[in-house]
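First up is the structure itself, then whatever we jot down about it.
Derivation of every value follows stated rules applied to the coordinates shown; laboratory data play no part. Nothing here was measured: the structure is a model prediction, and the numbers come from that model. Because the Cβ atoms are built from the backbone with ideal geometry, glycine has one as well, and the counts that use them run over all protein chains shown.
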Amino acid sequence: MVKLMVVADEFKGKNEAKTEKATLGITGMHCNSCAMLIEGSLQDAAGVSSASVDFKASRAVVVYDTSKTNSANLVKLVRDMGYVVSIK
C-alpha cells in the first residue's frame, strides 16, 4: 500500500494539465444566440475545459489546457465564425 502511494507521489504533477484563462473581446455579435453559438463552439474545441460568452460585455472567458491548444487557436476559431476578436 505504501509503495503505491510513493509511486503516485512520484508522478504527481507530471500528468496534471496546465491551464490558462483567456479573455477574448468579440465584436459583431448581434444577439444572445450569437453568444450561444460561439460559446458552444469554444466548449467543443480540443483542450477547452470551460467557456462563457457574455453578449452584453462582448467578451468570452475561456479556460484551456495549454498542452492541447492556445489562445491563438481560440481566436482563430471565433474569427473563422465571422467575428472580430482580440485578446484582452
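Within region 23-58, count every residue that is in contact with an Asp or Glu (Cβ under 6 Å, 6 or more places away or on another chain) and under 16 Å from Ser86 (Cα atoms). Let's see the steps before the verdict.
Residues of region 23-58 that are in contact with an Asp or Glu (Cβ under 6 Å, 6 or more places away or on another chain), as a first pass: 47, 51, 53.
Then drop every residue that is not under 16 Å from Ser86 (Cα atoms), which leaves 51, 53.
Here the count works out to 2.
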Of (1) part of a strand (DSSP E or B); (2) in contact with a helix residue (DSSP H, G or I) (Cβ under 8 Å, 6 or more places away or on another chain), Val78 fails just (1)
How many residues, within region 33-67, are outside any helix (DSSP H, G or I), in contact (Cβ under 8 Å) with a residue 40 or more places away in the chain and not acidic (Asp, Glu)? 6
